[in-house]
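Let me begin by presenting the structure, written as structure tokens, before commenting on it.
The values are calculated or read from the model by the stated rules, or taken from the named source; none is laboratory data. Computed from a prediction, not measured in an experiment: that's the story for all the values here. Neighbour counts are summed over all protein chains in view; Cβ atoms, including those assigned to glycine, are modelled from backbone coordinates with ideal geometry.
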Amino acid sequence: MSSYAKYATDVYETEHIWYVLKKDAESNLPKAIDKSLRSIESEIKENYIFTKKNNIASRIPVSSVLYITKINRQSVVHCLDKDFDDYKKPDDLVPEELSEQFLRCHQGYIVNLSMIKELDNDEFVLINDERIPISRSFKDISKARFFERYTLSR
């Protein structure tokens with residue numbers, strides 16, 4: 001909030017919700033506060049992947065999922081602290097609303113984009129230093145999604 005419109009361009013250097021001039025505060029401040037609260041709520045709302053095996057259902061926060069792989073006839077959700085098994089296909093474990101968060105980089109691997117530390121030739125290096133292969137058939141899309149995500153977030 002400011003009394004001077006000349007400072008409005010400064011907000012582009014920060015994460016902002018609304019630029020409110022003091023003279024317009026009565027009409028615009030409630031809108032700005034409402035938008036701020038909605039933004040905070042959406043950040044707080046955690047997304048989950050759900051697995052079930054042997055009558056044990058698990059709710060896994062996406063923020064802990066490293067990658068999903070298929071081993072024999074079951075999927076394994078590899079997390080920071082533990083792994084979870086399920087008989088569903090890996091693609092069926094990732095809900096549609098989370099599809100932008102995950103990337104199939106190999107026939108046997110779906111990786112959580114937010115867990116990638118670096119791209120090393122034909123492998124993703126995760127934050128725990130595990131290496132996930134990128135196959136030839138998924139190479140172009142994998143590299144494009146990686147660079148799209150990490151060059152836009154800077």
- Message: So if I check each of 75, 114, 63, which one is part of a strand (DSSP E or B) and polar (S, T, N, Q)?
- Response: 75
- May I ask you to list pairs of residues, at least six apart or on different chains, whose Cβ atoms are under 7 Å apart, with the first in segment 44-66 being small (Gly, Ala, Ser) and modelled with pLDDT of 90 or more and the second being loosely packed, with under 12 Cβ neighbours inside 10 Å and not in a strand (DSSP E or B)? 63/46; 64/81
- Note on the structure: Residues of segment 55-73 being surrounded by 15 or more Cβ atoms within 10 Å (Cβ to Cβ) and polar (S, T, N, Q), in sequence order, are 58, 64, 69
- Query: Could we say that residue 87 is touching a strand residue (DSSP E or B) at 6+ places or on another chain (Cβ under 6 Å) and either outside the structural domain of residue 72 (by TED's automatic domain parsing) or surrounded by fewer than 13 Cβ atoms within 10 Å (Cβ to Cβ) (or both) here?
  - Reply: yes
- Residue list for segment 113-122, restricted to those being in contact with a Phe, Trp or Tyr (Cβ under 6 Å, 6 or more places away or on another chain) and buried (at least 22 other Cβ atoms within 10 Å of the Cβ): 116
